Every structure is written in structure tokens, then in C-alpha cells.
Amino acid sequence: MRRKGDPVGSLRTLATGIGAASCRPGFRGCAFINAAAEFTDPDDPVREAIDAHRRWMLDQFADIATEAGVDDVGSTARQLMILRDGAMVNGYLGESSSVADSLSAAFCSIITTAVPAVSETTRDTGPL
């Protein structure tokens, strides 16, 4: 998933993976999101596994945001997570063939908007 030194590339790779998964026969959305709906007790071992997975995913997004040089890493990571969650649900309920392109564009919008304003010269040679 991660492409070290290429935050936008990392997000595009993730979007492509989610898009490919959502187009597979039998795809029913994110197993962790689905399990969270079934196991509501926060002390249930299943819920603990869900929470661990979500913390890991949020950490991945935070690392990507840090690589991109955003000002508010936590907020950006949460926004990326919300997009990912929505894409997983949309892949099941919506038009799965458009998930990868739509998610990639949305991820890139969040990252590029969150990067502090810099001169055009720096932006051309910066991490994005």
C-alpha cells in the first residue's frame, strides 16, 4: 500500500486496491465496518480487533499526511479515513466500478488542500 516518499502515490495505490476489491464478486463492503454493526459492546474481543485495525489504518493515513507536509496531521488522517470508509460502503451499495477513480480524486483533494501554501517554485519541487 505505502509508497515511501510519495504520499499521493500511496493514496492512489490504496484507492486502486479498494476499487479492485469492491468490483470482486461477492463484495459486501468492509468486513470491519460490517462487524462493528454486529458487535456493539466495546469490550467484545471482535470489537477490540476492529478498533485495532482502525487505529492501524488511521496511523497509516497520519504517516501519509506527515510525508505530504500537511499542517494538521490528525485532522487530515481522519478525513482520509472517512473517505475510505465511505468508499468501502459505496463499493457495495453504489457503482463499484467508479470507486477507485472517485476515491483517488477525493484523497488527492484532501492532501493537496491540507498542504500549507507555498510558492509555485517550491510546490513544483515539493513532496507532492
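The values are calculated or read from the model by the stated rules, or taken from the named source; none is laboratory data. From a predicted model like this one, the values you see are computed outputs, not experimental measurements. Positions of Cβ are backbone-derived with ideal geometry, glycine not excepted, and every protein chain shown enters the neighbour counts.
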Seminar exercise, completed: Exactly one of Thr66, Thr16 is within 21 Å of Lys4 (Cα to Cα) and over 12 Å from the mean Cα position of the chain (by Cα), and that residue is Thr66
Exercise. If you take the residues of the range 109-123 that are modelled with pLDDT under 80 and of a type in the set (S, T, N, Q), which of them is nearest to Ala31 (Cα to Cα)?
Worked result: Thr122
Exercise. Hey, any hits in the range 53-65 for a residue that's more than 26 Å from Glu95 (Cα to Cα) and in contact (Cβ under 8 Å) with a residue 60 or more places away in the chain?
Worked result: yes
Problem set entry | Any hit, the range 8-25, residues being touching a Cys at 6+ places or on another chain (Cβ under 7 Å) and within 21 Å of Ala77 (Cβ to Cβ) | yes
Problem set entry | Answer from Arg2, Arg24 - the residue that is within 27 Å of Ser109 (Cβ to Cβ), charged (D, E, K, R) and free of Cβ contacts under 8 Å to residues at least 24 places away in the same chain | Arg24
Exercise. Of all helices (runs of 4 or more DSSP H) completely enclosed by the range 17-108, which ones contain at least 2 residues that are at pLDDT 95 or above and surrounded by 15 or more Cβ atoms within 10 Å (Cβ to Cβ)?
Worked result: 45-68, 73-93
